[in-house]
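Structure, as structure tokens:
The values are calculated or read from the model by the stated rules, or taken from the named source; none is laboratory data. From a predicted model like this one, the values you see are computed outputs, not experimental measurements. With ideal geometry, Cβ positions are generated from the backbone for all residues, glycine too; neighbour counts draw on all protein chains shown.
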Amino acid sequence: MRQYFARLEKQGIGINFATYVGATSVRRMILGDEDRRPTPQQLEQMKGLVAESMRAGAMGLSTALEYAPAPYATTDELIALAREAAKFGGIYATHMRSEGDGIMSALEEAVRIGREAGIPVEIWHLKTAGRNNWGRMPEVVAKIDAARASGTDIGANTYAYTAWYNDLSAFIPPWAHDGGNARLIARLRDPALRARIRKDMLSTSSEWDNEWDEIPGPEAVLIGVVHKADLLPLQGKTLAEVARLWKKDPMQSLFDLLIADDALTEVAVFGMSEADVALALQQPWVSVDNDSPGTSPQGILGQEHPHPRAYGTFPRIIRKYVREEQKLTLHDAIRKFTALPAQRMRLTDRGVLKEGMWADIVIFDPATIHDAATFESPNQLSEGVEYVLVNGVPVIEGDKMTDALPGKILHGPGYEP
């Protein structure tokens, strides 16, 4: 991590940058992609890697427990790693083990990790996924409110769209990922194992978060990013459209697309209720994120087909939830964009306009700002933004980038130079 930070500082960056130490990255360094538990000695090695990363400046420990090999980690393993991050004042940020049928048990796990490790908890992109779970957000909110009332430091964030974005391979049961993508592809090529995968995906199970069981159908899966040039024409098509194009059923098309694209395909999945999304956004302890990597409408990144949240999240919230639906005040929205996430990440010198604070500022017209990115045409910059300043230096003026690189590395509380 230190070497990566040093490289960023040497080349210069246009934005401020902070990161966590990923529990999955730590696990992979010691155990690879295998479905097994660490020995006591291996767990000590993993804890050592967390400590090393916290000293290098990580904000805390993160997990993405739906995505292999992360599901192979037990709660006790995660508690041990979270305790290590807690020693350095870090936080535990989690994409929970389930956001669908198993969301309540996943939430209980997150709360348990926070309590037993003595670490603040941040739930990434809070949602209730799948038609089976539409209308469950009040239950989720009540659970988090109860945890907060009993002393657990827990918050969440959201991106306020009704579609999520992840790897197409997330539809495949965890056992088939054991050993990594090469092993997954080999299993998909094996008729007997392929049939077993299909059977599992068509079954309701409490042992894993079966997204295939949660979506309304293949028309709800939109192909986003593919990694093979010959597959680029599929970007922007639904899985149902791919199935018709290939003259196969949707699940077989899913399997064959994974094989053809080295299991690297990314998709948008339409599986959330607007009422649940709005309720989550309105909670005072929910901030806003866009859950997206850096992107650009130009160059090689402009060839991708990302989720529109990469470009539109923040203007969309002002347009939709402040101006049009009046479910938030402008003050509430700005707090969720700025002061609240800075507070959650312990960035004490950022997040508010105040003398002595770093000047990370967006100047916009609240009457006209709006998102332009859509699922059909996502690489569209939002409109109504006049200036963006990073550490007091303009990086955007009107619709032009200035090419300035004033960004800084934001180190976590355990940083040791």
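The table for this structure:
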| read-out | value |
| --- | --- |
| Unique residue being surrounded by fewer than 23 Cβ atoms within 10 Å (Cβ to Cβ) and among the hydrophobic types (A, V, I, L, M, F, W, C) when the list is 160, 142 | 142 |
| Failed condition for residue 21, given (1) β-branched (Val, Ile, Thr); (2) surrounded by 18 or more Cβ atoms within 10 Å (Cβ to Cβ); (3) without any contact (Cβ under 8 Å) to a residue 24 or more places away in the chain | (3) |
| Residue 224 being at pLDDT below 95, in contact with a His (Cβ under 6 Å, 6 or more places away or on another chain) and not aliphatic (A, V, I, L, M) | yes |
| Residue tally, condition within 17 Å of residue 164 (Cβ to Cβ) and crowded, with 19+ Cβ neighbours inside 10 Å, over region 113-135 | 9 |
| Considering residues of region 57-76 that are surrounded by fewer than 20 Cβ atoms within 10 Å (Cβ to Cβ) and at pLDDT 95 or above only, the residue farthest from the chain's Cα centre (by Cα) | 76 |
| Cβ-Cβ under 6 Å pairs, at least 6 apart or on other chains, region 340-363 side outside the structural domain of residue 396 (by TED's automatic domain parsing), far side assigned to a strand (DSSP E or B) | none |
| Condition check for residue 263: in contact with a Gly (Cβ under 8 Å, 6 or more places away or on another chain) and under 22 Å from residue 303 (Cα atoms) | no |
| Residues of region 168-222 that turn out to be in a loop (DSSP other than H, G, I, E, B), β-branched (Val, Ile, Thr) and within 24 Å of residue 306 (Cβ to Cβ), as a count | 2 |
| Condition check for residue 267: aliphatic (A, V, I, L, M), at pLDDT 95 or above and assigned to a strand (DSSP E or B) | yes |
| Qualifying residue in region 223-239 (condition: in a helix (DSSP H, G or I), small (Gly, Ala, Ser) and surrounded by fewer than 20 Cβ atoms within 10 Å (Cβ to Cβ)) | yes |
| Sole exception among (1) within 30 Å of residue 132 (Cα to Cα); (2) among the aliphatic types (A, V, I, L, M); (3) touching a strand residue (DSSP E or B) at 6+ places or on another chain (Cβ under 9 Å); (4) part of a helix (DSSP H, G or I) for residue 340, by number | (1) |
| Test: residue 143 is basic (Lys, Arg) and either within 22 Å of the chain's Cα centre (by Cα) or assigned to a loop (DSSP other than H, G, I, E, B) (or both) | yes |
| Residues being in contact with a strand residue (DSSP E or B) (Cβ under 8 Å, 6 or more places away or on another chain), in a loop (DSSP other than H, G, I, E, B) and surrounded by fewer than 17 Cβ atoms within 10 Å (Cβ to Cβ) - total across region 343-364 | 3 |
| Residues within region 1-16 that are in contact with a Leu (Cβ under 7 Å, 6 or more places away or on another chain) and either among the β-branched types (Val, Ile, Thr) or surrounded by 13 or more Cβ atoms within 10 Å (Cβ to Cβ) (or both), tallied | 3 |
| Test result for residue 322, among the aliphatic types (A, V, I, L, M), assigned to a helix (DSSP H, G or I) and modelled with pLDDT of 95 or more | yes |
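Listed here are the residues, each with its yes/no results for (1) without any contact (Cβ under 8 Å) to a residue 40 or more places away in the chain; (2) crowded, with 17+ Cβ neighbours inside 10 Å; (3) outside the structural domain of residue 225 (by TED's automatic domain parsing); (4) part of a helix (DSSP H, G or I).
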| site | (1), (2), (3), (4) |
| --- | --- |
| 313 | no, yes, yes, yes |
| 317 | no, yes, yes, yes |
| 366 | no, no, yes, no |
| 407 | no, yes, yes, no |
| 414 | no, yes, yes, no |
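Conditions tested, residue by residue: (1) touching a Phe, Trp or Tyr at 6+ places or on another chain (Cβ under 9 Å); (2) in contact (Cβ under 8 Å) with a residue 24 or more places away in the chain; (3) basic (Lys, Arg); (4) more than 30 Å from residue 118 (Cα to Cα).
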site	(1), (2), (3), (4)
163	yes, yes, no, yes
181	no, yes, no, yes
184	no, yes, no, yes
199	no, no, yes, yes
207	no, no, no, no
216	yes, yes, no, yes
236	yes, yes, no, yes
246	no, no, no, yes
269	yes, yes, no, yes
